[in-house]
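The values are calculated or read from the model by the stated rules, or taken from the named source; none is laboratory data. Just so we're clear, the structure is a prediction, and the values are computed from it rather than from any experiment. Cβ: placed from backbone, ideal geometry, glycine included. Neighbour counts: every protein chain shown.
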Amino acid sequence: MRRRTALLAGLALAAPGRAAAPAVLEVGGSRLVLVFDDTLAPGLRAAVPDWLAAAAQAVAGYFGRFPVPAAEIAVVAADGPGVRHGRTRPGPPPRLQLALAPDTDPAWLRDDWIAVHEMVHLAVPRLAIAHNWLHEGIATYVEGVARARAGLTAPRRLWIELAQQLPQGQPRPGDGGLDDSPTWARTYWGGTLFCLLADVRLRERGAAGGLQQALQGLLAAGGSYAVAWDIRRVLATADAAVGQTTLGELYAQMKDTPVRIDLDALWARLGVDGTRLREDAPLAALRRAITAADAPR
Ligand SMILES: [Zn+2]
């Protein structure tokens, strides 16, 4: 299940003075300070820097650089197996909190998506609550794409998962547009569906880098989590980076109207057929371009 969950009460950020000395990761010129909960098993604590470095490299690969020059990442203990949840706060510096079981098997960290998801939030301006679907949609969509581009997950796995999950993002009876339907499904998967539609349409209209190129332009224009922007400014800035109005048009269509997308037709065009990828589909090359490997950074 993909969702941002409020942390349990009492899991405040660990201050460096109360926990072990923080570790520092340098990723693409950005400085990430790691602060550990001192209840984490030593073997797990030793594995955390590599886990977060791989996540940060995947995010830097997608955006061209890590989204903010400095951030603090608090790794805190939580009940239950594996990485449980994360959240992002604006700071400064921006703070990510990632909660995992103190006895998590370090081998599980390679399959984690939460760290990348939270880091992607850092590349998008803070938005009004009605537009949370765009923040979560970008974080959810780009997480999978960035991990595929970085080799942390297989493209086929990404597409199978999107095909399985995206129907949840369709409007249900009584739903309004994306701005008016603050349910979990519409926020996370409706937002992800918006991003996939945008990525495909941007590329079909000639932006070779699609949504990645648009979001890199947004970041280059100062649009990171360090600032709070109106959604129209976010979308217009991203559109301007590729010389289009695609994102603004999609928003106008979907913001206050429940638009049902013909997903079967979309998957047929992209060549996503159940658990198989078809290379003879009309947009197979476009689909491959979305997950093509980023140059190492
Ligand atoms: Zn999120």
Matching option when the condition is out of contact with any helix residue (DSSP H, G or I) (no Cβ under 8 Å at 6 or more places or on another chain) and over 24 Å from Leu52 (Cα atoms), among Gly151, Gly174, Gly169, Gly191: Gly174
Residues of the range 73-87 being within 13 Å of the ligand (Cβ to nearest atom) and over 17 Å from Ala53 (Cα atoms), which ones? His85, Arg87
Is there a residue being basic (Lys, Arg) and not assigned by TED's automatic domain parsing to the domain that holds Ala47 anywhere in the range 89-108? no
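Matching residues to (1) of a type in the set (S, T, N, Q); (2) within 22 Å of Asp38 (Cβ to Cβ):
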{"position": "Thr104", "(1), (2)": "yes, yes"}
{"position": "Val116", "(1), (2)": "no, no"}
{"position": "Pro125", "(1), (2)": "no, no"}
{"position": "Asn132", "(1), (2)": "yes, no"}
Collect the residues in the range 148-162 that are assigned to a helix (DSSP H, G or I) and buried (at least 18 other Cβ atoms within 10 Å of the Cβ), keeping them in residue-number order. Ala148, Arg149, Pro155, Leu158, Trp159, Leu162
Would you pick out the residues in the range 112-148 that are charged (D, E, K, R) and either touching a strand residue (DSSP E or B) at 6+ places or on another chain (Cβ under 9 Å) or closer than 29 Å to Asp175 by Cβ (or both)? Asp112, Glu118, Arg126, Glu136, Glu143
Within the range 226-240, which residues are part of a helix (DSSP H, G or I) and either of a type in the set (A, V, I, L, M, F, W, C) or surrounded by 21 or more Cβ atoms within 10 Å (Cβ to Cβ) (or both)? Ile231, Val234, Leu235, Ala236, Thr237, Ala238, Asp239, Ala240
Out of Gly206, Gly223, which single residue is in a loop (DSSP other than H, G, I, E, B), surrounded by fewer than 20 Cβ atoms within 10 Å (Cβ to Cβ) and not assigned by TED's automatic domain parsing to the domain that holds Gly61? Gly206
What's the total number of residues in the range 74-98 that are closer than 22 Å to Val27 by Cβ and within 17 Å of the chain's Cα centre (by Cα)? 11
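Yes/no per residue for (1) closer than 28 Å to Arg45 by Cα; (2) more than 16 Å from the ligand (Cβ to nearest atom); (3) basic (Lys, Arg); (4) at pLDDT 95 or above:
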| residue | (1), (2), (3), (4) |
| --- | --- |
| Pro93 | yes, yes, no, no |
| Ala99 | yes, no, no, no |
| Val124 | no, no, no, yes |
| Pro173 | no, yes, no, no |
Evaluation of Trp113 against (1) more than 14 Å from the ligand (Cβ to nearest atom); (2) touching a helix residue (DSSP H, G or I) at 6+ places or on another chain (Cβ under 7 Å); (3) not assigned by TED's automatic domain parsing to the domain that holds Leu197 (one fails), failing number: (1)
